[in-house]
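*Asks:* Submitted below is the structure of interest, expressed as structure tokens.
What follows is calculated from the coordinates using simple rules that are stated; it is not laboratory data. Because the structure is a prediction, the values reported are computed rather than measured. Because the Cβ atoms are built from the backbone with ideal geometry, glycine has one as well, and the counts that use them run over all protein chains shown.
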Amino acid sequence: MTSSQPSTVDRAFRSALYDDTDTGLDTGASLLAADSGADAELAHRGREFVAAAWRRGWQPADVVRLVRRELDDPHVRLAAGLIRAQAPDDRPRGPRWRAQLDALPEADGGPARVGDRFSHATAVLELYRLLLRLPALEPLDEPRPAAAGHRPESSRMLTRIRALLAKAEATGFPEEAEALSAKAQELMARHSVDEALLAAGAPAPDAPGACRIGVEPPYEQAKAVLLDAVATANHCRAVWNEPLAFSTVVGFEADLEVVELLHTSLLVQATHAMTKAEAAQRAGGRKRTKTFRQSFLAAYAHRVGDRLRAAARSALADTDPSRDLLPVLATRELAVTDRMAQMFPDTTTTRLRGITDEAGWTEGTKAADQAQVHSHPQLP
């Protein structure tokens, strides 16, 4: 009679992955460090953990974001290396997934390594512990082929929007940032209207999709409110997952792209403005900053939402009156709402906490006025 003996990797996993103690981790790392022949199997198991994460609804950016938050930079490089190594065995993915692969942090050539064999094994087991315990997420559908490809006009519009937002983030002059942000939001609103007109004239097999956007501490509540304001103004809906530090934005692909662009830019501009306002407060003798920052970002998000909605209404009013867009937009809004209800049948509302600083609220409102939109004549 023959019997198979557990491999070194099996014994290491039994000690480290199913035992949360430091002793179990040290035991597992010692076993792996002493057996160089276990390296190939260890890497293979890692790729299996990554594939299991995809089956549970995770995407590359989600995994990297969580690893960065829960562990350290070496673990992030290890995770990036595993994701790249698993990609050739993965099923075909859409453009958003491929963009996430392209944005992965760089790892050293070949399998990423961390220090000596024991240190490396410890880091790998810590990463595998995290991957093993990933909860299931709502699956995000990739855009269908007809919806995934951009028309040349759409690509040019998004390029112009990115350029305007980059200039708004870089300038040190509030008035210039305001004008650039205003122009970008105007283009975004027109971009959404153009997509709706296209759908009205020649309906395509397009359907609402979804993407996840990180909402990281600190002041994550105010950041989530800002993202919700941007999403709502651009015909999308956002659902915040506080424990995992992201929001899922549901909408049509063209609108999802502009939400990602504008949210990132506004957050950069808000941080710059907050830092400047906080320095002025400190120069005046103020020492407490946490409540100031929380109130600043909450006011900024509130005011930005008002101005974004006004810009969207202005863009709609500037369209050709012979084309009644309201039924088309209503149909698309209903499709987005239905898709969100399917993905998130149980949601709750959250009240903002810690908004008690009057100076922070005043300065945040002022910064939003400087960073945000006004009505402009329709572009030629």
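*Asks:* Taking Rh as the Kirkwood radius computed over C-alpha pairs, what is the Stokes-Einstein D of segment 61-108 at 20 °C in a medium of viscosity 1.002 mPa s, expressed in µm² per second? Intermediate values should be presented prior to the final figure.
*Replies:* Details: Rh = 11.1 Å.
Reported coefficient: 193 µm²/s.
*Asks:* Report the gain in length on full extension from Leu132 to Glu106: 0.36 nm times residue separation, minus Cα-Cα distance, nm rounded to one decimal. Could the numbers behind the result be given before it?
*Replies:* On the way: separation 26, 0.36 × 26 = 9.36 nm, distance 2.32 nm.
Between Leu132 and Glu106, full extension yields an extra 7.0 nm.
*Asks:* May I pose another question? May I ask for the net charge around Asp306, where only other residues with Cβ less than 12 Å from the Cβ of Asp306 are counted and Lys, Arg are +1 while Asp, Glu are -1? Walk me through the numbers on the way to the answer.
*Replies:* Working: positive: Arg303, Arg307, Arg309, Arg313; negative: Asp369.
Once positives and negatives cancel, what remains is +3.
*Asks:* Sticking with this structure for a sec: Can you figure out the FRET efficiency of Ala280 with Glu216, using R₀ = 25 Å and their beta-carbon distance, to the nearest 0.05? Provide the component values of the computation, followed by the final result.
*Replies:* On the way: r = 26 Å, r/R0 = 1.02.
The value I calculate is 0.45.
*Asks:* Excluding residues fewer than 8 places away in the same chain, name every one of the lysines whose C-alpha is closer than 17 Å to that of Lys183.
*Replies:* Qualifying lysines at Cα under 17 Å: Lys167.
*Asks:* To make sure I understand, if each residue's beta carbon is the centre and we count other beta carbons within 10 Å, what order do Ser247, Ser314 fall in, fewest to most?
*Replies:* Details: Ser247 23, Ser314 18.
With the fewest neighbours first, Ser247, Ser314 line up as Ser314, Ser247.
*Asks:* Just to verify a number: FRET efficiency for Phe173 and Asp20, C-beta to C-beta distance, R0 = 41 Å, to 0.05?
*Replies:* Working: r = 52 Å, r/R0 = 1.28.
Using R0 = 41 Å, I get an efficiency of 0.20.
*Asks:* How much net charge surrounds His75 when only the other residues with a Cβ under 11 Å from the Cβ of His75 are counted, with Lys and Arg +1 and Asp and Glu -1? Write down the numbers at each step before the final one.
*Replies:* Values: positive: Arg68, Arg69, Arg77, Arg129; negative: Glu70, Asp72, Asp73, Glu126.
Charge balance in the 11 Å sphere: 0.
*Asks:* Work out the length of the dipole vector of segment 16-96 about its Cα centre, built from +1 on the beta-carbon of each Lys and Arg and -1 on the beta-carbon of each Asp and Glu, and round it to the nearest 20 debye. Present the calculation step by step, with values, prior to reporting the outcome.
*Replies:* Working: 12 positive and 14 negative charges, 160 e Å.
Result for segment 16-96 is approximately 760 debye, rounded to the nearest 20.
*Asks:* Same structure, new question: Quick one: pull the percentage of alpha-carbon pairs in segment 1-144 with a separation above 27 Å. Could the numbers behind the result be given before it?
*Replies:* On the way: 2223 of 10296 pairs.
In whole percent, the long-distance tail amounts to 22.
*Asks:* List the lysines whose alpha-carbon lies under 24 Å from that of Lys290, not counting same-chain residues fewer than 8 positions away?
*Replies:* By straight Cα distance, Lys290 reaches Lys223, Lys276, Lys366.
*Asks:* What list of ³J(HN,Hα) couplings, whole Hz, do you get for segment 118-124 from phi and the Karplus terms 6.51, -1.76, 1.60, once you set θ to phi - 60° and write x for glycine and proline?
*Replies:* With coefficients 6.51, -1.76 and 1.60, one gets 5, 4, 5, 4, 4, 5, 4 Hz.
*Asks:* How large is ³J(HN,Hα), in whole Hz, for each residue of segment 84-98 in order, when computed from phi with the Karplus curve 6.51 cos²θ - 1.76 cosθ + 1.60 and θ = phi - 60°, using x for Gly and Pro?
*Replies:* Residue by residue, segment 84-98 yields 5, 5, 7, 4, x, 8, 7, 6, x, 10, x, x, 5, 5, 5 Hz.
*Asks:* Something else: Please list the equivalent ellipsoid semi-axes of segment 266-307, computed as the square roots of five times the alpha-carbon gyration tensor eigenvalues, in descending order and whole angstrom.
*Replies:* Rounded to whole Å, the semi-axes are 20, 11, 7.
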